[in-house]
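Student: Below you will find the structure I want to go over with you.
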Amino acid sequence: MSSHSVNASKFVANDERMHWHDQALWFVREKRDRASKSIPEWEQLREFANQIKTHTMANLDTYLLQFEENATKKGIKVHFAFDALEHNQIVAKILKEHNVTKLVKSKSMLTEECHLNPYLENLGIEVIDTDLGERIVQLRNEPPSHIVLPAIHLKKSDVSDTFVEHLGTEKGNYDPTYLTRAARAALREDFLDAQAGLTGVNFAIANTGGVVVCTNEGNADMGASVPKLHIASMGIEKVIPRLEDLSVFTRLLARSATGQPITSYTSHFHAPVEGGEMHIIIVDNNRSQFLASEKNKKALNCIRCGACMNTCPVYRRSGGHSYEYVIPGPIGSILGSKKEPEKHNSLPFACTLCGSCTNVCPVKIDLDSQLYSLRQDLANANLIDPKKKMAMKVTAWLMSKPALFDFVGKMARKIVPKLPNSILYNKANAWGKQRDLPKMPPKSFKEMFKNGELDD
């Protein structure tokens, strides 16, 4: 595993890519802002969503059992999986029982988390991702770089070159409409050939026993309806108590994710197709450890809209792959470092603590506060770089001594401007590689305040 900073340095080395990636995501963030301002009760909806999810997570056992009972009454087979391996084994067992050799799969971050595709492929089962972005990165043998926009790190030319190699399209044709139609034609054959379809789950409704899948392409509907076997994979946190609660989340989800009023398809699955079977697999995979954490349990409230990624200045400029976790950005930094702190100990530091992620989160997760607290947890567990830990200790000690801090600042303002660049910018100063120190002011803010120089 490489640290986020090492991976990010590779991404930003391509200055042009960094800037268009940044601008593309900021464009989505601006669409989100316009969409949210179109609803006067936006903040009230956020608070409702926060309360519903917080209540549900506090009573998760009750609602999961209620969901299982009501789903079973509708002829749906419900399975519980402790971890990723058990989830994959359950999927494989179901497919084997039905002699499935080809599976079409819509977007599911849970199956990415469980590494389902390679698991099934090792068993000789062909897996086709049917979301366009997911299909592009699958053909390129890459993980998605964003949970809503999986191929946001690629340009039209990259997609065209990929389709030339795998779909036989015209070389040099970068027209998005042409490329999309080529993908659709190929995927249509896959839908017709597959013996099973697998979808993710956006919301599971406890009092009806049904699941809701939100997409913009209709691929989940095709995968769940054309084959006779439908498998839906969901994390334990996807359950909500009542059908009426869904209206709160559907008004928030698409507006937060892409700036749309609602996703093109909001599909309800409450029974198997006629003559078919439907299975729902409910997965823990270390989620329950969040329930036991007062500081981090609200992370389970996430509805996977991606708004925190679209606004995050670090994510926008470093790319999703730099996180090396299935979910990047602020929420991924929390989930990854909490679940596997030894492996993802750099992620809470991939943050400016600007709080923009918390401001846009539709379910009001305190993302920046959690990232800050995780830094302390990692430091206490001795899971951060010793040099970084020492630097933070020295800084904390200095800032706890106001008189000394003022003296050091005064000396720095006099001495630093006279130092040669070879001393200021060297291998020991990692920050200086791509940054210039600001011009030293003649006086500190405190001195100007005492002298009444700030009155104007």
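Student: In the list I365, I331, which residue meets the criterion of being outside any helix (DSSP H, G or I), closer than 22 Å to C302 by Cα and of a type in the set (A, V, I, L, M)?
Tutor: I365
Student: Same structure again: Just to verify a result, which residue in region 146-172, among those that are among the small types (G, A, S) and more than 19 Å from T215 (Cβ to Cβ), is most open to solvent (accessible area, probe 1.4 Å)?
Tutor: Checked region 146-172; the qualifying residue most open to solvent (accessible area, probe 1.4 Å) is G168.
Student: Can you tell me which condition H19 does not meet? The list is (1) open to solvent by 60 Å² or more (accessible area, probe 1.4 Å); (2) in contact (Cβ under 8 Å) with a residue 24 or more places away in the chain; (3) over 22 Å from I327 (Cβ atoms), and all the others hold.
Tutor: The failed condition is (2).
Student: Which numbered condition trips up F80, out of (1) more than 30 Å from A92 (Cα to Cα); (2) among the hydrophobic types (A, V, I, L, M, F, W, C); (3) touching a residue at least 24 places away in the same chain (Cβ under 8 Å)?
Tutor: Going through the list (1) more than 30 Å from A92 (Cα to Cα); (2) among the hydrophobic types (A, V, I, L, M, F, W, C); (3) touching a residue at least 24 places away in the same chain (Cβ under 8 Å), F80 breaks only (1).
Student: Taking the condition of being open to solvent by 40 Å² or more (accessible area, probe 1.4 Å), outside any loop (DSSP other than H, G, I, E, B) and among the hydroxyl-bearing types (S, T, Y), how many residues in region 249-306 meet it?
Tutor: Total meeting the criteria: 3.
Student: With D193, D175 as the choices, which residue is surrounded by fewer than 16 Cβ atoms within 10 Å (Cβ to Cβ), assigned by the TED database to the domain that holds Q260 and under 19 Å from H230 (Cα atoms)?
Tutor: Answer to the selection: D193.
Student: Anything in region 336-350 that is part of a loop (DSSP other than H, G, I, E, B), open to solvent by 30 Å² or more (accessible area, probe 1.4 Å) and within 14 Å of Q370 (Cβ to Cβ)? List them, or say none.
Tutor: P341 - this is the single residue of region 336-350 that is part of a loop (DSSP other than H, G, I, E, B), open to solvent by 30 Å² or more (accessible area, probe 1.4 Å) and within 14 Å of Q370 (Cβ to Cβ).
Student: Another question, if that's okay. Being modelled with pLDDT of 90 or more and among the basic types (K, R) is true for just one of K439, K433, K414, K427. Which residue is that?
Tutor: Details: K439 fails: modelled with pLDDT of 90 or more; K433 fails: modelled with pLDDT of 90 or more; K427 fails: modelled with pLDDT of 90 or more.
After applying the criteria, what remains is K414.
Student: I've got another one for you. Among the residues of region 116-141, what is the count of those that are within 16 Å of the chain's Cα centre (by Cα) and open to solvent by 30 Å² or more (accessible area, probe 1.4 Å)?
Tutor: Selection size over region 116-141: 0.
Student: Still on this structure, I have one more. Could you say which residue among G210, G218, G235 is open to solvent by less than 20 Å² (accessible area, probe 1.4 Å) and at pLDDT below 95?
Tutor: Going through G210, G218, G235 in turn, just one is open to solvent by less than 20 Å² (accessible area, probe 1.4 Å) and at pLDDT below 95: G218.
The values are calculated or read from the model by the stated rules, or taken from the named source; none is laboratory data. The shown structure was predicted, so the numbers you read here are calculated from the model rather than taken from an experiment. Don't worry about glycine lacking a Cβ; one is built from the backbone with ideal geometry, like all the others, and counts go over all protein chains shown. Side chains are part of the model used for accessible areas, which takes the heavy atoms of the whole protein and leaves out ligands, DNA and RNA. Shrake-Rupley method; radii C 1.70, N 1.55, O 1.52, S 1.80 Å.
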